[in-house]
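Working notes, structure below.
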Amino acid sequence: MKWNDWYGHRYQIHYSKAFWILKFREPQRMMEGMVLKSPSFHSQFHFQFMNPNRCISCFSSTLRASSSPLLRFRNPRLPSHFSVSASASTAKETDSLHLNSLSLGHTTRPDFPILHQEVNGSKLVYLDNAATSQKPISVLNALQNYYQAYNSNVHRGIHFLSAKATDEYERARKKVASFINAGDAKEIVFTRNATEAINLVAYSWGLANLKSGDEIILTVAEHHSAIVPWQLVAERTGAVLKFVNLGEHDVPNLKDLKEMFSTKTKLVVTHHVSNVLASVLPIGEIVGLAHRFGAKVLVDACQSVPHMVVDVQALDADFLVASSHKMCGPTGIGFLYGKIDLLSAMPPFLGGGEMISDVFLDHSTFAQPPSRFEAGTPAIGEAIGLGAAIDYLSGIGMQKIHSYEEELANYLYENLRAVPNIRIYGPAPTAHVQRAALCSFNIGDIHPTDIATFLDQQHGVAIRSGHHCAQPLHRALGVSSSARVSLYFYNTKEDVDYFIQALNDTVSFFDSFK
């Protein structure tokens, strides 16, 4: 047992066999746990949180901290007779060599308590982020604080709780607008999810503006929520849906898309990032082309807004939708961005309270956007939670998140493609081709659901199997389903390593029956 100084912190080292125990002492603050990786002794030290329910801020060359006093360092390769001696100079050297290499995943994981658990006897490795993301403590606290401290209905109430709830609800709208660089918070409409946002555009703008013979361009890679609403609108209006097929590298053929435009084209519906292919489409280019033909563009940004900087003014998109639960926010809320001139000309989607100006027995007049499209009591707590999620993401920085995920995406792809008999869908990453941090794949004749089940039950790895709400795309790929692993900024290369090891074990298990 020994006390040392480490940049002004007092810490105590205990060594016993495969564990180091560090207690950090500081006059006014106690060191909170963190996850560190060190290449010393050709192994890794896993710093496990004794109290993972507290957030920590990222640190660079020095340790910054707040609460929990205990860290556990595990190095299974050290001999039992190894003795520990540390000094300030040794700590400084270690700091300069190793602490700067901490990944974003390691420094943010403590903010997500759900990640620190075991499932089926194994440590949870959550790799299903394209389906939904996990929530940091700050978001959980924002939700609890709303219900605990100022739960009330919004708008029109004059009492303190209603005024407070209204202020926070509308502040969340402003946060969304700022996050995607909308010109005005009135251009943000809260919806239940991105699916409802697309339906809002389909039934409000679509029914009012489309007629028989008008054309809507989509790709075969769209999510069902971006296809089905327009099928229903086409049935009612006589509009025609035209689909862009896959081209080289399993990516929608942009040359074919360009050739589809005509004076009949009224709308383009397209994803920004594919939830299956991991491909990223050039939205700015597509929007520019559509506008030259007088067509509008609706962008499904569910897989881009959580992972990269999205600027709706730079893209010049007419409509853009995203979902809270994929960007560290609560379920039950999403948003529609629409240019204010378009929203102002659109009729209501749903009728009821809040969306009206005046109600008479024979007719009603309607509020201005966004209230016109938010009938009834909204998801108040969820909107506030979404605002807290945006605060959290903005605190890290979306460019920092994107850069880190690019590195993770390449690491995942390179390791996954080494698995025998695997087919990964979508483009290979290159200096000029970007992939999102997800991979959909199949391995030989092993069913994707069997892969996902074995990974979960035997290794605690959570991935997704199925058609991922993209049946037309899977048919175009010649399969009915796929397995999908998808990462977020709180994942690490160690997560990928463990997944690959578990996947190889899974393949070996099923191959043993051949």
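Kirkwood hydrodynamic radius of the stretch 338-404, from the reciprocal of the average inverse Cα-Cα distance over all distinct pairs: 14.5 Å. Distance from the Cα centre of the stretch 444-486 to that of the stretch 261-305, in angstrom? The two parts, judged by their Cα centres, are 27 Å apart.
Placing dummy labels 7 Å off each Cα toward the beta-carbon, the span from SER512 to HIS447 is 2.0 nm.
Sorted into 10 angstrom bins from 0, the C-alpha pair distances of the stretch 137-395 split as 7, 30, 34, 20, 7, 1, 0 percent.
Electrostatic bookkeeping for VAL485 treats Lys and Arg as +1 and Asp and Glu as -1; over the other residues with beta carbon under 12 Å from its beta carbon, the sum is 0. Note on ARG292 and ASP497: the model spin-label points, each 7 Å out from Cα along the C-beta direction, lie 5.0 nm apart. Once the Cα-Cα distance is subtracted from the 0.36 nm per residue extended length, the SER262 to HIS432 segment shows a gain of 58.2 nm. Protection proxy ranking, highest mean first, for peptides 231-240, 480-489, 277-286: 480-489, 277-286, 231-240, where packing is the per-residue count of other beta-carbon atoms within 10 Å, averaged. Take the Cα coordinates of the stretch 293-388, assign each an equal point scatterer, and use the Debye formula without solvent to give log10 I(q)/I(0) at q = 0.13 Å⁻¹. Here the Debye-derived log intensity ratios amount to -0.55.
State in Å² the accessible area per residue of the stretch 137-395; use a 1.4 Å probe, count heavy atoms of protein chains only, and round to the nearest integer.
About 40 Å² of surface per residue is accessible.
Charged neighbours of GLN368, selected by a Cβ distance under 15 Å, balance to -3 (K, R count +1; D, E count -1).
The values are calculated or read from the model by the stated rules, or taken from the named source; none is laboratory data. Keep in mind that this is a model prediction, so the values were computed, not measured. Because the Cβ atoms are built from the backbone with ideal geometry, glycine has one as well, and the counts that use them run over all protein chains shown. These accessible areas exclude ligands, DNA and RNA; they are computed on the full protein's heavy atoms, side chains included. Shrake-Rupley method; radii C 1.70, N 1.55, O 1.52, S 1.80 Å.
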